[in-house]
Amino acid sequence: MSIRGFFTYWSRGDRMGGLWRLYGLRGRARHRLTRDLWTLLLNRSARRHGGYLGPEAVIQGRPVLPHGLHGVYISRYATIGPGCRIYQNVTIGEVGGKAPFIGPNCLIGAGAVIVGDIKVGAGAKIGAGAVVCQDIPEGCTVVAGPPRILKRGDGHV
């Protein structure tokens, strides 16, 4: 990487590597005091990046966050599969202590809200601004305020 490229990358302010290292350290902590310390540092780092990452959230692998953690809220009960792409201002929230399970390789558009005890299938795409409160089959695309399934990955409607 050139010097110019390094400073351009560094100046963006969305260096998420440290956040994910803290997330991994917290997950591997054996003692409660150590875990609480990592949680404190992780919460401060997430807040610095403009988002919230619940202390008990299960994130498998590193999700792709093209705009950083800006405005992203992930409930402490949420589970996110590997390879998910999450854009800015997304809310993955809980209702009554139950949060969504997001399958692997999902795309969640900017401003989407996913709440409740639901399952989003593998490879599903949730459009920008969609409010999702029901299960989404794998490979489907969902848009609009009340979610509408546009198509399945296998070509069936």
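The figures follow:
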item: Matching residues, segment 100-118, being out of contact with any Lys or Arg (no Cβ under 8 Å at 6 or more places or on another chain) and part of a strand (DSSP E or B); result: I102, V113, I114, V115
item: Test: A78 is over 10 Å from the mean Cα position of the chain (by Cα), surrounded by 18 or more Cβ atoms within 10 Å (Cβ to Cβ) and among the small types (G, A, S); result: no
item: Selection status of G153, of a type outside the set (F, W, Y), at pLDDT below 95, surrounded by 15 or more Cβ atoms within 10 Å (Cβ to Cβ) and part of a loop (DSSP other than H, G, I, E, B); result: yes
item: Residues located in segment 52-72, provided they are assigned to a strand (DSSP E or B) and either among the charged types (D, E, K, R) or surrounded by fewer than 17 Cβ atoms within 10 Å (Cβ to Cβ) (or both); result: V58, V64
item: Residue check, G83 surrounded by 16 or more Cβ atoms within 10 Å (Cβ to Cβ), out of contact with any Gly (no Cβ under 6 Å at 6 or more places or on another chain), closer than 30 Å to R44 by Cβ and at pLDDT below 95; result: yes
item: Sole exception among (1) of a type in the set (D, E, K, R); (2) within 24 Å of G24 (Cα to Cα); (3) at pLDDT 95 or above for K119, by number; result: (2)
item: Any chance I136 is modelled with pLDDT under 95 and crowded, with 20+ Cβ neighbours inside 10 Å; result: yes
item: Selected residue [touching a Gly at 6+ places or on another chain (Cβ under 7 Å), in contact (Cβ under 8 Å) with a residue 12 or more places away in the chain and closer than 19 Å to G18 by Cα] from L69, L65; result: L69
item: Subset tally (residues that are without any contact (Cβ under 8 Å) to a residue 24 or more places away in the chain and assigned to a loop (DSSP other than H, G, I, E, B)) for segment 73-99; result: 9
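The values are calculated or read from the model by the stated rules, or taken from the named source; none is laboratory data. Here the structure is a predicted model, which means the values were calculated and not measured. Glycine gets a Cβ as well: all are built from the backbone with ideal geometry, and neighbour counts include every protein chain shown.
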